[in-house]
Structures are given as C-alpha cells and as structure tokens.
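Q: Structure incoming, see below.
What follows draws every value from the coordinates through simple rules; no lab data is involved. Values in this document were obtained by computation on a predicted structure and should not be read as measured data. Here the Cβ is made from the backbone with ideal geometry for all residues, glycine too, and neighbour counts use every protein chain on show.
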Amino acid sequence: MFVLLRKLRSYLDKSILIFCSLALIALVATVTWQVFSRYILNDPSSFTDELSRYLMIWLGLLGASYLFGKRGHLAITLLSDNIPAKMNIALQIFISLLTLSFASLAMLKGGSALIGRTMQQFSPALQVPMAYVYFILPLSGVLIVFYLILNTLESFTQETR
C-alpha cells in the first residue's frame, strides 16, 4: 500500500511542480508585458494585472500544498522539543487534527460553497467565471488532506520517503 501511495505522492509532487513552474513563467511574462506596455508603449494592457493576480493566488496555494507535503513549513518546535516522546505523539496528533479540520471545513467546504456562489460572476478583464479562480481552494484542501494523511501514516509506521 505504501508503494502505491509513494508513487501517487511522487506523481502529485511532479505535477504540482510543473504547474507551479509554468504559472511562474506566465506570471513573469504577464508582469513584464504589463511594465513594457505601460512605460514603453504608453498603452497599458487591460488583462495582465488581473491574470497575474490570479496566477499568484494559484501559485501560492499550490506551493503551500506542495510544501505541506514535504513538511517544509515553518514550525515553532519549542514545545515539541521539550516534552516526552508520548506527549509529543499526542501533540502531533492534535496538530494534525486541527490541520485536518481547517483544510476540510475552510478550504474544502468553504471553497466549494464559494465556487457555487460565483459561477455566474465574471472577472472584469478576462471575463472568466470567478469560480475558476476560487477552484484552487478545494483543490489545495484536498492536496493538504492527502499529504496530511500520508505524512501521518509515515510518521506512525516509521516509513521514510
């Protein structure tokens, strides 16, 4: 089972990194075009500001999901470093449950509700449904929940990546 989960993690990691790389390239290109069209052509582009904002949102949330899977987020370990091992396990379970509840309630449930409310609302410049922009909330919530479950399983079975 862990072999399958590791393969799925590897595939997800690569997919997220490829998407984030492409989003970063597109972000640099749109911002460069915005600066060029504004200061050189004296005719600012109408869509680049909005597109770069949406790319930044997607890049930030997908990057955070990826980092969560790699256990790369900042953590204050003063408490966990100074308590006995059994209490540390309980603390890690508590932190995982808090993270799971936030990702499930705020990102999955709240993001899905937001998508439902904004399907008929269109962005001003790009004229795409705002639901497409907000789709990243439940998507990153699913990724965080998956990584959380996988990281927890690995922690308690002493499996390493």
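Q: So which helices of the chain fit the span-like rule, where a helix is a whole DSSP H run, its Cα atoms reach 30 Å or more along the axis, and its mean Kyte-Doolittle is at least 0.0? Could the numbers behind the result be given before it?
A: Values: long enough: 2-39 (54 Å, 1.07); 48-69 (31 Å, 0.70); 136-157 (31 Å, 1.68).
Helices passing the filter in the chain: 2-39, 48-69, 136-157.
Q: What lysines sit close enough to LYS7 to cross-link, taking a C-alpha to C-alpha distance under 25 Å and skipping anything fewer than 8 places away on the same chain?
A: By straight Cα distance, LYS7 reaches LYS70.
Q: Next question. With the crude spin-label approximation of a point 7 Å out along Cα→Cβ, what separation in nm comes out for ASP43 versus SER96?
A: Reported label-point gap for ASP43 and SER96 is 5.8 nm.
Q: Also: Per DSSP helix of 4 or more residues, -39500 (n - 2.57); summed, then divided by the residues of the chain. What does that give at 222 nm, rounded to the nearest 500?
A: Working: 7 runs with 116 residues, N = 161.
Helix contribution divided over all residues of the chain: -24000 deg cm²/dmol.
Q: Rounded if a/c is under 1.5, else prolate if a/b is larger than b/c, else oblate: which is the range 59-113, with a ≥ b ≥ c the root eigenvalues of its Cα gyration tensor?
A: Oblate, because a/c is 1.5 or more while a/b does not exceed b/c.
Q: I'd like to compare 125-138, 13-26, 82-95: which one has the highest average count of other Cβ atoms within 10 Å, and what's the full order after that?
A: Values: 125-138: 17.0, 13-26: 13.8, 82-95: 11.4.
In descending order of packing, they fall as 125-138, 13-26, 82-95.
Q: Out of these labelled values of log10 I(q)/I(0) by the Debye sum over Cα atoms at q = 0.16, 0.20 Å⁻¹, [x] -0.89, -1.31; [y] -1.00, -1.28; [z] -0.94, -1.52, which was calculated from the coordinates shown here?
A: Only one option fits the structure, namely [y].
Q: Further, regarding this structure: Would you calculate the separation in nanometres between label points at THR77 and ILE89, each defined as 7 Å from the Cα along the Cα-to-beta-carbon direction?
A: So the two model labels end up 2.0 nm from each other.
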